[in-house]
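The values are calculated or read from the model by the stated rules, or taken from the named source; none is laboratory data. Computed from a predicted model, the values in this text were never measured in an experiment. Positions of Cβ are backbone-derived with ideal geometry, glycine not excepted, and every protein chain shown enters the neighbour counts. Note: accessible area is taken over every heavy atom of the protein model, side chains too, but ligands, DNA and RNA are not part of it. Shrake-Rupley method; radii C 1.70, N 1.55, O 1.52, S 1.80 Å.
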Amino acid sequence: MANIPNTEFHRKIRSDFKVFLWYVHKYLGLPEPTPLQYDIADFLQYGPKRSCIQAFRGVGKSHITAAYVVWRLICDPQTKIMVVSASKDRADAFSTFTQRLIWEMEGLEYLRPRPEQRQSKISFDVGPAVADQSPSVKSVGITGQLTGSRADLIVADDIEVLNNAFTQSARDKLSESVKEFDAILKPLSGSRVVFLGTPQTEDSLYSKLPDRGYKVQIWPARMPNEKMREMYGDTLAEYIKQLPYDEGQPTDPKRFDDADLIEREASYGKAGFAMQFMLSTAL
């Protein structure tokens with residue numbers, strides 16, 4: 001079995017997910033994560049057992065969470081993770097990205113699968129993992145074979161899309177499908193379900209998650225006005241509430257400035273922009 005390194009570098013990245021995220025961005029040739037991205041990272045690390053991240057399109061919530069999946073395996077290589085998306089292809093892309101980080105980043109050599117372990121893009125093990133029916137990371141579509149699996153962490157990445165949220169019957173089917181997560185999740189104190197997404201309809205699944213015990217946090221692209229703040233209620237991220245920006249100003253200007261958001265609003269239309277960038281179904 002591969003030894004788990006305990007160098008200063010590994011102790012440092014295990015101590016704080018934000019540190020590892022910084023290294024991932026450096027490896028990918030990206031700018032340092034923005035303060036808003038670091039805030040999402042904090043919620044991933046310290047959020048409750050049932051969490052939902054709603055952040056505007058393009059903020060990078062999926063790649064941040066993919067880095068979080070790798071970080072969880074760095075902290076505990078015995079962790080079992082299931083990635084679920086609306087389509088199998090999207091789930092596989094998420095899984096493939098995490099696998100490439102493990103194979104390509106310096107310092108993660110010990111996590112690479114041994115010859116006798118699973119190492120496909122849809123199901124792979126990490127080197128120190130002991131033999132188990134469940135792989136270290138598995139990807140599956142929301143309509144795929146969810147039953148029979150066990151996981152410490154379930155990442156539901158954009159499971160709501162127009163195709164499965166357009167009609168009431170489709171939304172009901174999706175709502176029933178996610179209930180299967182409770183049967184998959186191991187009954188351990190550290191087990192978690194993390195939803196990532198943007199609402200696709202006014203009757204979005206994400207708006208119902210608080211009733212199921214999930215803590216929803218929302219990071220809109222622009223500073224909300226008072227009426228919108230009331231609508232968000234407790235779901236508006238504390239980071240957004242404390243920003244010293246005026247109503248309508250970009251919340252992450254290093255990523256999308258005002259001119260960029262104006263262009264996107266013209267392209268998406270008011271209702272589309274409200275859902276995709278303000279995470280609001282009011283229109």
*Just a yes or no: is a residue in region 258-274 within 21 Å of T34 (Cα to Cα) and among the aromatic types (F, W, Y)?*
no
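Can you find, within region 67-101, the residue that is most open to solvent (accessible area, probe 1.4 Å) among those that are β-branched (V, I, T) and more than 13 Å from the chain's Cα centre (by Cα)?
Initially, region 67-101 is screened for residues β-branched (V, I, T), giving 69-70, 74, 79, 81, 83-84, 96, 98.
Filter once more, keeping what is more than 13 Å from the chain's Cα centre (by Cα): 74, 79, 96.
Numbers: I74: 1, T79: 7, T96: 41 Å².
Checking each candidate, the answer is T96.
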*asked:* Condition (residue is at pLDDT 95 or above, under 17 Å from the mean Cα position of the chain (by Cα) and over 22 Å from M82 (Cα atoms)) applied to region 227-235: is it met by at least one residue?
replied: yes
*Considering region 135-165 alone, what residues qualify as being more than 18 Å from F124 (Cβ to Cβ) and touching a residue at least 40 places away in the same chain (Cβ under 8 Å)?*
I142, L146, A156, D158, I159, E160, V161, N163, N164, A165
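Can you tell me which residues in region 274-283 are surrounded by 15 or more Cβ atoms within 10 Å (Cβ to Cβ) and not hydroxyl-bearing (S, T, Y)? Even if it seems obvious, please write down each step before you answer.
Just the residues of region 274-283 that are surrounded by 15 or more Cβ atoms within 10 Å (Cβ to Cβ), to begin with: 274-281.
A274, M275, Q276, F277, M278, L279, listed by residue number.
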*First in region 1-22 and of a type in the set (G, A, S), second anywhere and surrounded by 14 or more Cβ atoms within 10 Å (Cβ to Cβ), Cβ under 6 Å, 6 or more apart*: A2/Y110; A2/G127; A2/P128
*How many residues are within 24 Å of F124 (Cβ to Cβ), open to solvent by less than 10 Å² (accessible area, probe 1.4 Å) and not small (G, A, S) when one looks only at region 34-52?*
1
*What is the number of the single condition among (1) at pLDDT 95 or above; (2) open to solvent by less than 50 Å² (accessible area, probe 1.4 Å); (3) closer than 21 Å to E109 by Cα; (4) in contact with a helix residue (DSSP H, G or I) (Cβ under 8 Å, 6 or more places away or on another chain) that P5 does not meet?*
(1)
*asked:* Any residue in region 196-223 that is on the phi < 0 side of the Ramachandran plot sitting within a Cβ distance under 7 Å of a residue that is part of a loop (DSSP other than H, G, I, E, B) and basic (K, R)? List the pairs, counting only those 6 or more apart or interchain.
replied: T198/R57
_So for region 31-49 (the condition being within 30 Å of M278 (Cβ to Cβ) and more than 18 Å from the chain's Cα centre (by Cα)), does at least one residue qualify?_
yes
